[in-house]
1. Among the numbered criteria (1) surrounded by 17 or more Cβ atoms within 10 Å (Cβ to Cβ); (2) within 22 Å of residue 207 (Cβ to Cβ); (3) touching a residue at least 60 places away in the same chain (Cβ under 8 Å), which single criterion is violated by residue 20?
2. If you take the residues in region 129-153 that are buried (at least 20 other Cβ atoms within 10 Å of the Cβ) and in a loop (DSSP other than H, G, I, E, B), which one is modelled with the highest pLDDT?
3. Taking the options 189, 177, 164, 196, name whichever one is in contact with a helix residue (DSSP H, G or I) (Cβ under 6 Å, 6 or more places away or on another chain) and either buried (at least 16 other Cβ atoms within 10 Å of the Cβ) or more than 10 Å from residue 137 (Cα to Cα) (or both).
4. Considering each of 97, 65 in turn, give the residue that is in a helix (DSSP H, G or I) and crowded, with 16+ Cβ neighbours inside 10 Å.
5. Taking only region 60-75 into account, find how many residues are more than 18 Å from residue 214 (Cα to Cα) and within 21 Å of the chain's Cα centre (by Cα).
6. All but one of (1) assigned to a strand (DSSP E or B); (2) surrounded by fewer than 17 Cβ atoms within 10 Å (Cβ to Cβ) hold for residue 7; state the number of the condition that does not hold.
7. Output the number of the condition that residue 105 fails; it satisfies all remaining conditions of (1) out of contact with any strand residue (DSSP E or B) (no Cβ under 7 Å at 6 or more places or on another chain); (2) surrounded by 11 or more Cβ atoms within 10 Å (Cβ to Cβ); (3) outside any helix (DSSP H, G or I).
8. Identify, please: which residue in region 30-52 is more than 20 Å from the chain's Cα centre (by Cα) and under 20 Å from residue 197 (Cα atoms) and is, among those, surrounded by the fewest Cβ atoms within 10 Å (Cβ to Cβ)?
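The values are calculated or read from the model by the stated rules, or taken from the named source; none is laboratory data. Keep in mind that what you see is a predicted model, and the values were worked out from it rather than measured. Neighbour counts are summed over all protein chains in view; Cβ atoms, including those assigned to glycine, are modelled from backbone coordinates with ideal geometry.
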């Protein structure tokens, strides 16, 4: 069940607002490209979360931020696997190597499936209301959903391209998921998953389609802000597949910023969140995912005219050099 403190959903393309009870996934006017952003009633949220309350909260998982999540308080039974609360490391040797005196590394491999995607999948299995859950993926999102669904006993269906890595498919099967190998690309698997969810009433866990998954991913931003004693970093580098982690990390900082603007000084500013995307990835699954989800919201050539929190950077360099180059931004 959705939380009552969700004020409305808003389409990132046309700006139309919707009652969350009336619309489940994407904007009815814009179709699948009309990604919806979740907006909260901060007057309702404020009494339930604050610096003092967090300091006294002994919950060390992502659920310490429940007041800023789309899960209703009527949910009494929480999923058994601990999600979030992952360490933020002061990586001294890497700082020295890169010449960056204040570099930190957030280690989300501590999550149950060794991925940040668990933060989204746990939201999906809770909002599924006992339904079968499904997604299209060739990597961490699929593994994460399979693990989270198994933990709460939900049937899970995963759609993968026919040439998906064998090791990933084996991992999904080991977790009890039913895997459909689609004779086509990732886009074909994605489209078939959407159709199957609509036809059979399964709960759709696809990023860039289900608006509530970003809300789970944003808990990493909430954690970073709190772990750095509310002195947020100037820049956050986000390894990105479909663009939803990028927006999710930012959403965490934005929630604290907006909450603080209205009620108390939490964050003085929001950091810039950067998406490193190499030109040499054009034509790959990664580029296709970004094109499907992120580019409806921002065009790379227009990124400098966008809000200052978002930068899309195309650099024709190797991965190891990329990290070194990115420190200049």
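1. (3)
2. Filtering region 129-153 for residues that are buried (at least 20 other Cβ atoms within 10 Å of the Cβ) and in a loop (DSSP other than H, G, I, E, B), the one modelled with the highest pLDDT comes out as 137.
3. Working: 189 fails: in contact with a helix residue (DSSP H, G or I) (Cβ under 6 Å, 6 or more places away or on another chain); 164 fails: in contact with a helix residue (DSSP H, G or I) (Cβ under 6 Å, 6 or more places away or on another chain); 196 fails: in contact with a helix residue (DSSP H, G or I) (Cβ under 6 Å, 6 or more places away or on another chain).
Answer to the selection: 177.
4. On the way: 97 fails: crowded, with 16+ Cβ neighbours inside 10 Å.
That would be 65, the only listed residue that is in a helix (DSSP H, G or I) and crowded, with 16+ Cβ neighbours inside 10 Å.
5. Going through region 60-75, the residues more than 18 Å from residue 214 (Cα to Cα) turn out to be 60, 73-75.
Filter once more, so that each one left must be within 21 Å of the chain's Cα centre (by Cα): 60.
Of the residues in region 60-75, 1 are more than 18 Å from residue 214 (Cα to Cα) and within 21 Å of the chain's Cα centre (by Cα).
6. All conditions are met except number (2).
7. Single failed check for residue 105: (1).
8. First, the residues of region 30-52 that are more than 20 Å from the chain's Cα centre (by Cα): 30-31, 41-52.
Remaining after also requiring under 20 Å from residue 197 (Cα atoms): 30-31.
On the way: 30: 16, 31: 9.
Step by step, filter region 30-52, then rank; the result is 31.
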